[in-house]
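Peer 1: Input: one structure, supplied below.
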Amino acid sequence: MTAILFLVQRASAAVLAFCVTVHLATIIYAVRGGLTAGEVLARTRENHLFFAFYLLFVFAVAIHAPIGLRNVLREWTPWEGRSLDVVLALFALLLLAIGVRAAVAVYLPPDVMFGT
């Protein structure tokens with residue numbers, strides 16, 4: 001692994017450690033407070049702070065996971081080179097697209113999301 005990928009993965013790991021901690025603490029708070037899914041969504045709708053937080057979470061995952069998977073595939077399989085990097089770049093874009101879609105779905109009200 002190049003030095004840059006090493007540093008990027010470690011930086012994204014630090015962001016993920018923070019995001020996972022906040023995410024789990026939020027879940028525990030919601031469950032112990034007896035909040036329903038509808039009540040949780042009511043609090044996240046159009047909440048810029050939640051949206052920014054979950055976008056940060058998504059970006060960290062989209063960076064961290066493909067780098068780690070690249071290392072595992074290079075160590076455990078004969079696959080290496082440009083084709084591996086291209087496939088994992090596409091995987092990163094897929095993670096990013098799915099994650100951003102989920103964050104937007106939680107952020108935007110249903111009438112805006114689905115045009116009803």
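The values are calculated or read from the model by the stated rules, or taken from the named source; none is laboratory data. Fair warning: this is a prediction, and the values are worked out from it, not measured in the lab. Note that each Cβ is placed from the backbone with ideal geometry, even for glycine, and that neighbours are counted across all protein chains shown.
Peer 1: If you go through the stretch 28-38 one residue at a time, do you hit one that is farther than 21 Å from Leu88 by Cβ and surrounded by 12 or more Cβ atoms within 10 Å (Cβ to Cβ)? Outline the logic, then answer.
Peer 2: Taking the stretch 28-38 as the starting set, the residues that turn out to be farther than 21 Å from Leu88 by Cβ are 28-38.
Okay, now just the ones that are also surrounded by 12 or more Cβ atoms within 10 Å (Cβ to Cβ), so 30, 35.
Checked the stretch 28-38: at least one residue is farther than 21 Å from Leu88 by Cβ and surrounded by 12 or more Cβ atoms within 10 Å (Cβ to Cβ).
Peer 1: Based on what the data block shows, is Leu90 surrounded by 15 or more Cβ atoms within 10 Å (Cβ to Cβ), outside any loop (DSSP other than H, G, I, E, B), among the aliphatic types (A, V, I, L, M) and at pLDDT 95 or above? Before the answer, list the steps.
Peer 2: Values: surrounded by 15 or more Cβ atoms within 10 Å (Cβ to Cβ): no; outside any loop (DSSP other than H, G, I, E, B): yes; among the aliphatic types (A, V, I, L, M): yes; at pLDDT 95 or above: yes.
Taking the combined requirement at face value, the residue does not satisfy it.
This table checks each residue for (1) touching a residue at least 60 places away in the same chain (Cβ under 8 Å); (2) under 23 Å from Phe6 (Cα atoms); (3) in contact with an Asp or Glu (Cβ under 7 Å, 6 or more places away or on another chain); (4) surrounded by fewer than 11 Cβ atoms within 10 Å (Cβ to Cβ).
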site: Leu73; (1), (2), (3), (4): no, yes, no, no
site: Ser83; (1), (2), (3), (4): no, yes, no, yes
site: Ile98; (1), (2), (3), (4): no, no, no, no
site: Ala102; (1), (2), (3), (4): no, no, no, no
site: Tyr107; (1), (2), (3), (4): yes, no, yes, no
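Peer 1: Would you mention how many residues in the stretch 5-45 are in a loop (DSSP other than H, G, I, E, B), over 19 Å from Ala102 (Cβ atoms) and in contact (Cβ under 8 Å) with a residue 40 or more places away in the chain?
Peer 2: 0
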